[in-house]
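One structure is given below, encoded as structure tokens.
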Amino acid sequence: VLKGLAYPCFCTEEELEAVRLQQETDKVLTGYYGKYAVCRDLSLETIEENLKAGKPYVLRLRSQGSPENEITFTDSIKGEIKLPENIHDVVLLKKDGIPTYHFAHAVDDHLMRVTQVIRGDEWVSSLPLHLELFRALGFKPPKYAHTATIMKDENGSKRKISKRKDPEAAVSYYHEEGIPADAVVEYLLNIANSTFEPWRRANPNKPVEEFDLQLNKMSVSGAVFDMVKLLDVSKNVISKYTAEKIYEETLKWAEKYNQEFAKLLKENKDYSIKVLNIERGKAKPRKDIAKWSDVENTIEYMYNDIFENMNDYEFQKINDEAEIKDILNSYIEKHFNISDDKETWFNKMKDLAEEKGYAREVKEYKANPEAYKGHVGDISTVIRVALTTRHNTPDLYEIMQVLGKEEVEKRIQDFIG
């Protein structure tokens, strides 16, 4: 104010609306500037009279910008940007004395010694104003980096992701679905930085904190948010967790969103960890869990109380009732031994296949399909479906080891019956 770079404005809402209507009539840019800034050139006497009369006022910046001039600025992501100078006499302090965001940004970031401001694309247009405010205050401006807006593909056209329309725009959505924060961060880095994906391929087990995030490698156009890709990333992230961590995270999620499942997990902690440990901790771990809300459906057949009520069997190539019973009877009577190691177990599965007219190896069947009814995979699928109701599960040998001898025999006998 002492330097003449800010002044009180006593305009009422009605007067400001009249200015806006006049600008629309004149077909010019709307806003409080130039000849339309009614209080910009009030005399000191008029200002004193208004203050003594107790008239409410805001404090405005007296912009030094000109509509003919441009500023040139180097953005840390977008590179060189040219924009018109700010000409608006924006509000710095509201009528209640509270500073506006623009004024607070300059003061607060200066006092906190902020050196780099990273914010969304929508703030680029405010850059001339913010730089003018830093200059007017005598502060050194920070560096700015404006990130591209995340987009949504809607029927072939792109639009900005919306807090009102799109559930995935809210953090609460990821909690409710049970998508780990690690996976969301990993996915966002994927769409933010073009160098992240090759870095991750070269460093599959390193924490993301070791990735060198380079602003000049960030996308200047809006990346499309892809839920399918996010869930794929999430599967990879979860596949590296231990069974104990998956148990703890699933339980934490279930206690809030699925009480019945939480009760089942708590009552069967050690068994549940064994179930979740199937095909885990290997060079190629299972990748069938994308979010904690998937877990119940993924493992429910491993719990006797739930399995007893499951009767929607996913039959595949072999779906004749008599043939299925024949295969299962032969398996239980002649080939099943819970103590077998995996290689022995699979060789016995091949023996069973050969007995029933199926190829011992898939490649044998493919080489001469007319000579066989099918292959060993079809035989193992019959046993898989009898034990789980599903044709697609993690490793069948490991499932049988966790279920145990009595339960395997019981399920197959019940199925035959």
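The values are calculated or read from the model by the stated rules, or taken from the named source; none is laboratory data. No experiment lies behind these values; they were computed from the predicted model shown. Note that we place each Cβ from the backbone using ideal geometry, even for glycine, and neighbour counts take in every protein chain shown. Calculation scope for accessible area: heavy atoms of the full protein, side chains included, ligands and nucleic acids excluded. Shrake-Rupley method; radii C 1.70, N 1.55, O 1.52, S 1.80 Å.
Quick notes on this one:
- For S162, the test of being modelled with pLDDT under 95, under 19 Å from G222 (Cα atoms) and over 15 Å from the mean Cα position of the chain (by Cα) is failed.
Per-residue answers, yes or no, for (1) in contact with a His (Cβ under 8 Å, 6 or more places away or on another chain); (2) free of Cβ contacts under 8 Å to residues at least 60 places away in the same chain; (3) open to solvent by 20 Å² or more (accessible area, probe 1.4 Å):
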position: P204; (1), (2), (3): no, yes, yes
position: V224; (1), (2), (3): no, no, yes
position: E244; (1), (2), (3): no, yes, yes
position: Y247; (1), (2), (3): no, yes, no
position: Q259; (1), (2), (3): no, yes, yes
position: N268; (1), (2), (3): no, yes, yes
position: S272; (1), (2), (3): no, yes, no
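- The helices (runs of 4 or more DSSP H) located wholly in the range 200-298 that include 2 or more residues which are touching a helix residue (DSSP H, G or I) at 6+ places or on another chain (Cβ under 8 Å) and under 22 Å from Y187 (Cα atoms) occupy 227-239, 243-257.
- Failed item in (1) open to solvent by less than 80 Å² (accessible area, probe 1.4 Å); (2) more than 27 Å from T12 (Cβ to Cβ); (3) in contact with a Leu (Cβ under 8 Å, 6 or more places away or on another chain); (4) not in a helix (DSSP H, G or I), with I118 passing the rest: (1)
- Test result for D108, assigned to a helix (DSSP H, G or I) and either charged (D, E, K, R) or touching a Cys at 6+ places or on another chain (Cβ under 6 Å) (or both): yes
- Filter result for K373 (surrounded by 13 or more Cβ atoms within 10 Å (Cβ to Cβ), touching a residue at least 12 places away in the same chain (Cβ under 8 Å), among the charged types (D, E, K, R) and not in a helix (DSSP H, G or I)): yes
- If you go through the range 4-47 and keep only what is free of Cβ contacts under 8 Å to residues at least 24 places away in the same chain, of a type outside the set (A, V, I, L, M), more than 19 Å from G97 (Cα to Cα) and assigned to a loop (DSSP other than H, G, I, E, B), you end up with K27, T30, D41, S43.
- K152 fulfils the conditions (1) at pLDDT 90 or above; (2) open to solvent by 40 Å² or more (accessible area, probe 1.4 Å) except for a single criterion, (1).
- In the range 138-168, residue farthest from K82 (Cα to Cα) [restricted to those that are part of a strand (DSSP E or B) and among the basic types (K, R)]: K152
- Some residue of the range 282-294 being closer than 23 Å to S239 by Cβ, surrounded by fewer than 20 Cβ atoms within 10 Å (Cβ to Cβ), modelled with pLDDT of 95 or more and of a type in the set (A, V, I, L, M): no
- Whether a residue is modelled with pLDDT under 95 and surrounded by 12 or more Cβ atoms within 10 Å (Cβ to Cβ) was assessed, and V38 passes this test.
- Unmet criterion (only one of (1) within 21 Å of E314 (Cβ to Cβ); (2) surrounded by fewer than 18 Cβ atoms within 10 Å (Cβ to Cβ); (3) under 45 Å from the mean Cα position of the chain (by Cα); (4) in contact (Cβ under 8 Å) with a residue 24 or more places away in the chain) for I379: (2)
- Members of the range 309-347 that are assigned to a loop (DSSP other than H, G, I, E, B), touching a residue at least 40 places away in the same chain (Cβ under 8 Å) and open to solvent by less than 70 Å² (accessible area, probe 1.4 Å): M310, Y313, I318, F336, I338
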